[in-house]
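The values are calculated or read from the model by the stated rules, or taken from the named source; none is laboratory data. Since we're looking at a predicted model, the values are computed, not measured. As a convention, Cβ positions derive from the backbone with ideal geometry for all residues, glycine included, and neighbour counts pool all protein chains shown.
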Protein chains: 4
Amino acid sequence: MSLVFRTPISIRFAHCDPAGIVFYPRYFELINGVVEDWCAQDLAMSFHEMHMVQGIGLPTVHIETDFVKTSVMGDELLAELRVIKLGRASATVEIRMLGQDQDLRLTARLVLVMAQVQERKAIALPSALREQMRKYLVS
Amino acid sequence: MSLVFRTPISIRFAHCDPAGIVFYPRYFELINGVVEDWCAQDLAMSFHEMHMVQGIGLPTVHIETDFVKTSVMGDELLAELRVIKLGRASATVEIRMLGQDQDLRLTARLVLVMAQVQERKAIALPSALREQMRKYLVS
Amino acid sequence: MSLVFRTPISIRFAHCDPAGIVFYPRYFELINGVVEDWCAQDLAMSFHEMHMVQGIGLPTVHIETDFVKTSVMGDELLAELRVIKLGRASATVEIRMLGQDQDLRLTARLVLVMAQVQERKAIALPSALREQMRKYLVS
Amino acid sequence: MSLVFRTPISIRFAHCDPAGIVFYPRYFELINGVVEDWCAQDLAMSFHEMHMVQGIGLPTVHIETDFVKTSVMGDELLAELRVIKLGRASATVEIRMLGQDQDLRLTARLVLVMAQVQERKAIALPSALREQMRKYLVS
């Protein structure tokens, strides 16, 4: 049975555009935050640890997103993260954001690659991190 | 012979993350700016005209992006926009960003939908706008 | 005895610049979020209620900020908000952000003005809101 | 006769909030961009050169801003930068943004400090940079 990482997201004034809805680039800041929270809270490998201690990072090399329904300021969303595919150096994750009635707001699929920051080259996922990620792999 | 909309993009300090490269959500602000410039400069329909005069907008309902190569502050990129598909109420555009050696930094495909802002429903593209967009349709 | 509004702030990867510290414009997004949370949580007047129901807003017309000490990703800060001055249509608030050792990271003073959004003119603070704000007025 | 650095600024959709006006934290991104352009274009010391070659930076330690008049998407502003005070390790600059009728939108005063990035300590302004800055010092 695979795990799902869930975290709440508050839609703020700062996220919204002149049409009163979330400006889509802000969704990607929120999506990045979901990955960040997952790493820190559930994978025992914070971005701080990666970047400032180990000199590694988890850049996004591909992302595709369907914006299914608009969100407005004050909305309280729930984000869900699942692992779709786990490679040697990469992980494909799916993130969904849901409204208060469980209505789907967006679905995003991201390919994350473990990288050595200074040399900007892909490296294998640290095995402890990879084992943690595997728990979220959809079977 | 179809047209290509081209516009320069300067990578700023504000776009870059602790790894020294563009933080990917910032690319989407830049991508939105490319669409905005295209509309204002070549399609005779600025976002100001859409939102503040006509009460319409061009939200992005789907986007998929490959981040091919990283960019750093000070990079001077060239963005190119082509129309891939033109529907009654929507346009699918492809945006590429190139470095100074014509090296590909990213490719994004966006589905833009013409919408009535207040009621948040799709409407047909105004015919004058659609005719302008058709000039950029890849044959 | 005056109240102090306190709320936690997590410094994210998205807030940090190539020097690895918070990029100062991001602090202003966080500062705006502190005011937003104060209004929603303690003043019974969310930004959603203001903007989308009542057609009013609370724009910042003046702000001065001392960035006392840098913050890095992963820092868990505490924000404190106090009211310094309360006018008929405006409130001057002071926001401090503290690190985990109660070390001061920044101090900001903002003048917020109650405004009618469409006509962009100042109006008196609604009396119920003003009475709530008064509880935070430093004596 | 002191110089003034001037650069145009386009107010974009991305800068505007649900009230249809510039969200003030975005002004600080634009203000930072004015300093960035000044350094690169007129002071012969780009942020890229500072951060990625010399390991130095020019963080803002104090800023105070008056938002005099709102700006909306599509506005074409002119930014002006003057040096108010020049210290050994710091420069105080004033930035104004003007609308198309020369109407003042905002005034900001920033204290910039030359710093060694890794060790996060202030250092003297490089003398060549300081001499360039002096040309913009209001007499």
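Just so you know, in segment A:46-62 the residues that are part of a helix (DSSP H, G or I) and buried (at least 18 other Cβ atoms within 10 Å of the Cβ) include one that is farthest from the other protein chains (Cβ to nearest Cβ), and it is A:MET50.
Checking B:SER2, B:SER10 one by one, the residue that is more than 12 Å from chain D (Cβ to nearest Cβ), touching a strand residue (DSSP E or B) at 6+ places or on another chain (Cβ under 7 Å) and either over 30 Å from A:GLU119 (Cβ atoms) or modelled with pLDDT of 95 or more (or both) is B:SER2 and no other.
For segment D:15-55, filtering for residues that are under 17 Å from the mean Cα position of the chain (by Cα) and of a type in the set (Val, Ile, Thr) leaves 3.
Does segment A:25-41 contain any residue that is more than 9 Å from chain C (Cβ to nearest Cβ) and part of a strand (DSSP E or B)? For segment A:25-41, residues more than 9 Å from chain C (Cβ to nearest Cβ) and part of a strand (DSSP E or B): absent.
Comparison of C:VAL72, C:VAL61, C:VAL22 shows that the only residue that is farther than 25 Å from B:ILE21 by Cα, modelled with pLDDT of 95 or more and of a type in the set (A, V, I, L, M) is C:VAL61. Being part of a strand (DSSP E or B) and polar (S, T, N, Q) is a property that does not hold for D:THR70.
Tallying residues that are surrounded by fewer than 16 Cβ atoms within 10 Å (Cβ to Cβ), touching a Ser or Thr at 6+ places or on another chain (Cβ under 8 Å) and away from chain A (no Cβ under 14 Å) within segment C:69-85 yields 3. A:ALA128 passes every criterion in (1) small (Gly, Ala, Ser); (2) assigned to a helix (DSSP H, G or I); (3) crowded, with 20+ Cβ neighbours inside 10 Å apart from (3).
With respect to (1) surrounded by 15 or more Cβ atoms within 10 Å (Cβ to Cβ); (2) of a type outside the set (D, E, K, R); (3) part of a loop (DSSP other than H, G, I, E, B), the lone exception for A:GLN118 is condition (1). Among the criteria (1) free of Cβ contacts under 8 Å to residues at least 40 places away in the same chain; (2) assigned to a strand (DSSP E or B); (3) surrounded by fewer than 20 Cβ atoms within 10 Å (Cβ to Cβ), the one D:ARG105 does not fulfil is (3).
Only one entry of A:ASP17, A:ASP42 meets the criterion of being crowded, with 16+ Cβ neighbours inside 10 Å, touching a Pro at 6+ places or on another chain (Cβ under 8 Å) and either among the charged types (D, E, K, R) or without any contact (Cβ under 8 Å) to a residue 40 or more places away in the chain (or both), and that entry is A:ASP17.
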